[in-house]
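*Asks:* My structure is below; once you've seen it, I'll send some questions.
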Amino acid sequence: MKLLLHACCGPCSLEPTRILRAAGHDLALYYTNSNIAPASEYAHRLGTLRTWAGNEGLPVLEGPYAPGAWEASAGRVGESALEAAGGDVLRCATEAPLREARCRACYRLRFEEAARSAAERGFDAVGTTLSVSPYQFIDVIREELERAAAHAGVDAHFEDYRPFYDEAARRSRAMGMYRQNFCGCRFSEAEAAAERAQRKRQRVAEREAKAAAHADERAAEEAARATKRAERQAYAEKQAKKRAALKALRGQERSDG
């Protein structure tokens with residue numbers, strides 16, 4: 001099957017392309033990711049994808065980079081979700097309903113462009129590498145891919161690649177491939193930064209709690225040692241008093257004799 005595979009980045013493309021090529025599909029990668037900001041990040045990810053794909057003999061087609069269109073759709077939804085969360089970035093990141101609406105709008109824009117391009121270029125089907133990530137909404141990806149494909153008149157080729165995520169991560173690290181630390185949009189960048197800051201605070205708190213626990217243990221040990229020293233000192237003083245009393249008694253006996 002002649003398949004146009006929407007590619008979000010290089011690392012996420014490793015395992016899907018391996019699996020699809022092994023199945024005999026004729027592949028081309030389609031980089032249409034108007035969600036990625038800033039433009040330098042977009043270019044960095046595209047360059048990484050092109051370098052790797054060139055070595056693999058995989059063609060890379062680039063769709064339009066239209067951040068304005070993304071802002072008018074997914075960006076607007078994201079702002080509404082952030083407002084609903086009272087400006088709490090972490091709440092938007094962790095409460096699925098708040099983030100899902102934004103991600104759905106983002107998938108829709110990118111898949112519609114990929115499916116349209118697939119139809120125009122004579123591909124049989126359109127797919128995506130997004131389903132390799134355990135951080136994405138897998139059911140929503142499938143729904144939006146099938147919706148976009150049906151509208152464009154091509155088949156949707158959906159596969160759940162999440163079981164291969166760890167292998168993709170291992171391979172991309174081994175290859176020294178650029179690995180981004182956020183999904184791509186400005187919201188995800190802020191969320192990822194907030195999550196990293198939260199994890200850092202947690203690590204600091206855990207270290208401080210551990211240090212405090214050790215300090216308490218050391219204080220308890222020192223108190224126990226001090227108690228033993230005091231007990232030994234008291235015993236020594238008691239014995240000294242006994243010896244002094246015995247000595248005085250013997251001295252008295254000698255005097256009386």
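The values are calculated or read from the model by the stated rules, or taken from the named source; none is laboratory data. Note that this is a predicted model, so its numbers are computed, not measured. Reconstructed Cβ throughout: ideal geometry from the backbone, glycine too, with neighbour counts over all protein chains shown.
*Asks:* Those residues that are crowded, with 17+ Cβ neighbours inside 10 Å and hydroxyl-bearing (Ser, Thr, Tyr), I need them from segment 119-147; list them, please.
*Replies:* Result: 128, 129, 131, 133.
*Asks:* To continue, here is another question. Looking for whichever is touching a Leu at 6+ places or on another chain (Cβ under 8 Å) and not in a loop (DSSP other than H, G, I, E, B) here; the options are 187, 164. Which one fits?
*Replies:* Every option except 187 fails the conditions.
*Asks:* Being more than 16 Å from the chain's Cα centre (by Cα), of a type outside the set (D, E, K, R) and in a helix (DSSP H, G or I) is true for just one of 224, 194. Which residue is that?
*Replies:* Only one candidate passes the filter, namely 224.
*Asks:* Among the residues in segment 142-155, are any part of a loop (DSSP other than H, G, I, E, B), in contact (Cβ under 8 Å) with a residue 12 or more places away in the chain, at positive phi and assigned by TED's automatic domain parsing to the domain that holds residue 25?
*Replies:* Yes, some residue in segment 142-155 is part of a loop (DSSP other than H, G, I, E, B), in contact (Cβ under 8 Å) with a residue 12 or more places away in the chain, at positive phi and assigned by TED's automatic domain parsing to the domain that holds residue 25.
*Asks:* Follow-up question, since we're still on this one. Say whether the condition of being assigned by TED's automatic domain parsing to the domain that holds residue 146, within 18 Å of residue 129 (Cβ to Cβ) and touching a strand residue (DSSP E or B) at 6+ places or on another chain (Cβ under 8 Å) is met by at least one residue in segment 63-73.
*Replies:* Yes: segment 63-73 contains one or more residues that are assigned by TED's automatic domain parsing to the domain that holds residue 146, within 18 Å of residue 129 (Cβ to Cβ) and touching a strand residue (DSSP E or B) at 6+ places or on another chain (Cβ under 8 Å).
*Asks:* Cβ-Cβ distance below 6 Å, separation of 6 or more or different chains: which pairs start in segment 169-185 with a residue that is over 19 Å from residue 18 (Cα atoms) and end on one that is part of a loop (DSSP other than H, G, I, E, B) and aliphatic (A, V, I, L, M)?
*Replies:* Going by the 6 Å Cβ cut-off, the qualifying pairs are 184/36.
*Asks:* For residue 158, which of the numbered conditions (1) surrounded by 10 or more Cβ atoms within 10 Å (Cβ to Cβ); (2) without any contact (Cβ under 8 Å) to a residue 60 or more places away in the chain; (3) farther than 30 Å from residue 112 by Cβ fails to hold?
*Replies:* If we test residue 158 against (1) surrounded by 10 or more Cβ atoms within 10 Å (Cβ to Cβ); (2) without any contact (Cβ under 8 Å) to a residue 60 or more places away in the chain; (3) farther than 30 Å from residue 112 by Cβ, just (3) comes out false.
*Asks:* Out of everything in segment 66-92 that is in contact with a Ser or Thr (Cβ under 8 Å, 6 or more places away or on another chain), among the hydrophobic types (A, V, I, L, M, F, W, C) and part of a helix (DSSP H, G or I), what residue ends up being farthest from residue 106 (Cα to Cα)?
*Replies:* 69
*Asks:* Now for a different question. Could you identify the single residue in 87, 57 that is under 27 Å from residue 179 (Cα atoms), assigned by TED's automatic domain parsing to the domain that holds residue 161, of a type outside the set (A, V, I, L, M) and without any contact (Cβ under 8 Å) to a residue 12 or more places away in the chain?
*Replies:* 57
*Asks:* Another question, then. If the Cβ limit is 8 Å and pairs must be 6+ apart or interchain, which residue in segment 1-12 that is closer than 11 Å to residue 29 by Cβ and touching a residue at least 40 places away in the same chain (Cβ under 8 Å) pairs with which residue that is part of a loop (DSSP other than H, G, I, E, B) and among the hydrophobic types (A, V, I, L, M, F, W, C)?
*Replies:* That search, which allows pairs on different chains as well, returns 3/123; 4/123; 10/177.
*Asks:* Could you check residue 104 against (1) touching a Cys at 6+ places or on another chain (Cβ under 9 Å); (2) more than 27 Å from residue 47 (Cβ to Cβ) and say which number it fails?
*Replies:* Exception for residue 104: condition (1).
*Asks:* From the list 99, 108, 116, exactly one residue is buried (at least 17 other Cβ atoms within 10 Å of the Cβ), in a helix (DSSP H, G or I), among the charged types (D, E, K, R) and modelled with pLDDT under 95. Which is it?
*Replies:* 99
*Asks:* So which strands (runs of 3 or more DSSP E) stay within segment 1-65 end to end and still have 2 or more residues that are within 16 Å of residue 114 (Cα to Cα) and in contact with a Gly (Cβ under 7 Å, 6 or more places away or on another chain)?
*Replies:* On the way: elements: 2-6, 26-31, 60-62.
Once the strands (runs of 3 or more DSSP E) in segment 1-65 are filtered for at least 2 residues that are within 16 Å of residue 114 (Cα to Cα) and in contact with a Gly (Cβ under 7 Å, 6 or more places away or on another chain), what remains is 2-6, 26-31.
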